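The structure under discussion appears below in the form of structure tokens.
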């Protein structure tokens, strides 16, 4: 059974590993930061809006960090106001529009890249504009500069229900390829499309990853299905505040359920 992984409707029976994850960290999910006239999947945030969102976080005492740093802080019991910043798909605009803004605030982030598509484009977005992805050289440079690089699979394939051999290739081979590229272990995995089931989560853990991120409405929760909050171009100050409130409310409800189950 996958460690520290539960279905959301299931109530933890006791404290320990499961209760430690009953209050999930606040993690924001981004994709592309660029100027786009067409954005059918609502995955692009303009550079101006992104800068404003980071300014809002900093002004309220939040510090954006990679998931690697976020989990380390939680393990050490640090109570800083940290928010995880994640960027799916590995778009080249991460280096151009995201890194300079984050550096200005002393923030960090995690970029999840598709191992077999470095230097290519987002072929999986059939109705969207073609976007360039980070190259091998850019990924190396980012990692060498301290940015966390995680795996987004080999080919951006949705993992639930795929044959075991395909699942292993997407999860294990992508980790090996990126580890070879970066000269060190890759600790984080991001499920393509945020889609995860128990088989996928188990494969990620068995492949040697330290954690995995999904999306907020995933049926699973825990270290290998960390929920994230979608951020789009329409999200200004009041929408970010509301999203943080919903995240906090979800954690309170989960904790109350846990306490009720222990009585």
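The values are calculated or read from the model by the stated rules, or taken from the named source; none is laboratory data. Please read all numbers here as calculations on a predicted model, not as lab measurements. Here the Cβ positions follow ideal geometry from the backbone for every residue, glycine too, while neighbour counts run over all protein chains shown.
For region 198-214, residues that are surrounded by fewer than 18 Cβ atoms within 10 Å (Cβ to Cβ) and either over 20 Å from residue 113 (Cβ atoms) or under 12 Å from the mean Cα position of the chain (by Cα) (or both) total 4. When you check residue 69 against the structure, is it assigned to a loop (DSSP other than H, G, I, E, B) and touching a strand residue (DSSP E or B) at 6+ places or on another chain (Cβ under 8 Å), yes or no? So residue 69 does not fit the description; no. Of the residues making up region 174-213, those that are in a loop (DSSP other than H, G, I, E, B) and out of contact with any helix residue (DSSP H, G or I) (no Cβ under 7 Å at 6 or more places or on another chain) are 183, 184, 195, 196, 197, 210. Among the helices (runs of 4 or more DSSP H) confined to region 88-169, the ones with at least 2 residues that are within 19 Å of residue 66 (Cα to Cα) and at pLDDT 95 or above are located at 99-105, 136-144. The number of residues in region 126-146 that are over 11 Å from residue 89 (Cα atoms) and surrounded by 15 or more Cβ atoms within 10 Å (Cβ to Cβ) comes to 8. Taken over region 167-187, residues that are surrounded by 14 or more Cβ atoms within 10 Å (Cβ to Cβ) and free of Cβ contacts under 8 Å to residues at least 12 places away in the same chain amount to 2.
Could you grab me the full set of residues in region 233-248 that are buried (at least 17 other Cβ atoms within 10 Å of the Cβ) and either in contact with a helix residue (DSSP H, G or I) (Cβ under 8 Å, 6 or more places away or on another chain) or touching a residue at least 24 places away in the same chain (Cβ under 8 Å) (or both)? 233, 235, 240, 244, 247 - these are the residues of region 233-248 that are buried (at least 17 other Cβ atoms within 10 Å of the Cβ) and either in contact with a helix residue (DSSP H, G or I) (Cβ under 8 Å, 6 or more places away or on another chain) or touching a residue at least 24 places away in the same chain (Cβ under 8 Å) (or both). Checking region 8-19 against the condition returns no match, with no residue being crowded, with 18+ Cβ neighbours inside 10 Å, more than 24 Å from residue 129 (Cα to Cα), in contact with a helix residue (DSSP H, G or I) (Cβ under 7 Å, 6 or more places away or on another chain) and modelled with pLDDT of 95 or more. Can you pull out the residues in region 204-232 that are more than 18 Å from residue 84 (Cα to Cα) and touching a residue at least 40 places away in the same chain (Cβ under 8 Å)? Of everything in region 204-232, those that are more than 18 Å from residue 84 (Cα to Cα) and touching a residue at least 40 places away in the same chain (Cβ under 8 Å) turn out to be 205, 219, 220.
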